[in-house]
Amino acid sequence: MTSHEIDYHIYGEEMQYVEIELDPQEAVVAEAGSFMMMDTGIHMDTIFGDGSNQTQGVMGKLFSAGKRLLTGESLFMTVFLNQYHGKRKVSFASPYPGKIVPIDLSEYGGRFICQKDAFLCAAKGVSVGIEFSRKLGRGLFGGEGFIMQKLEGDGMAFVHAGGTLARKELQAGEVLKVDTGCIVGFTKDVQYDIEFIGGIKNTIFGGEGLFYATLRGPGVVYIQSLPFSRLAGRIYASAPQGGGQQRGEGSILGGLGNLLDGDNKF
């Protein structure tokens, strides 16, 4: 194996974290901000990119980091190396309610495509890059579902899904239509594209966006019920404007109550 072979255990239900057990000189790479806790004897270091091209000199490191920059991620990742003479453990937490999905890349032909913000951590040696699209429609209209990350290698990787997770096994030629933000990831043989919903009423009044993703089998697809963009949008819409206090969602008066509470100035 080119990737480090790691053991793991996932704890929790709605707010999960993954505990990874490292043998001496084994390492795991993770996105900044996902670290939760670790045993003594583990050395933490910041590296360019994902660490998969560290032996290829400066250019290899820059190329690895540049792929991440194209997806909007940081140039740097954090590597946790067990320098102790025995087994040590390090844990990484989910950024918001949902599920952590373990992906054994050796079972999926060494490649898995996922949302750009779904990646949590992986065994050192796993390459984290960008999935390029050759179709113009995906680039112009794909939105949040267009910029995908590509995980390559033969080790374990962990991705995060918001809300409830659905795993679909598509047969050859079977098509699944999905909101672009609800895609967590899929195996390398799944063909994906962006399709216009159509219809003047759907376009103006539908409220679900103008496009959705079509996924064609064969392969495995992971779908999330709560994309982070949807969660953030609801939080922002419910946030008090101008520093005032809201009366709550159950208020009958709603906005009228805010006008009558004496805090608004004309």
Original post:
Can you give the FRET efficiency for GLN83 and ARG167, using 1/(1 + (r/R0)^6), R0 = 30 Å, r = Cβ-Cβ distance, to the nearest 0.05?
Top reply: 0.20
Original post:
Length gain on complete extension for the stretch ARG111 to MET36, per 0.36 nm per residue less the alpha carbon to alpha carbon distance?
Top reply: 24.3 nm
Original post:
Which of the residue pairs LYS89/LYS124; LYS124/LYS188; LYS87/LYS150; LYS124/LYS168; LYS89/LYS188; LYS124/LYS150 have a Cα-Cα distance greater than 23 Å in the structure shown?
Top reply: LYS87/LYS150; LYS124/LYS168; LYS89/LYS188
Original post:
If the chain between GLU174 and ILE10 were fully stretched, how many nm would it gain, using 0.36 nm times the residue separation less the Cα-Cα distance?
Top reply: 55.9 nm
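Bear in mind that the values in this text are calculations on the coordinates, not laboratory data. Because the structure is a prediction, the values reported are computed rather than measured. Counting neighbours? That spans all protein chains shown, and the Cβs are built from the backbone with ideal geometry, glycine included.
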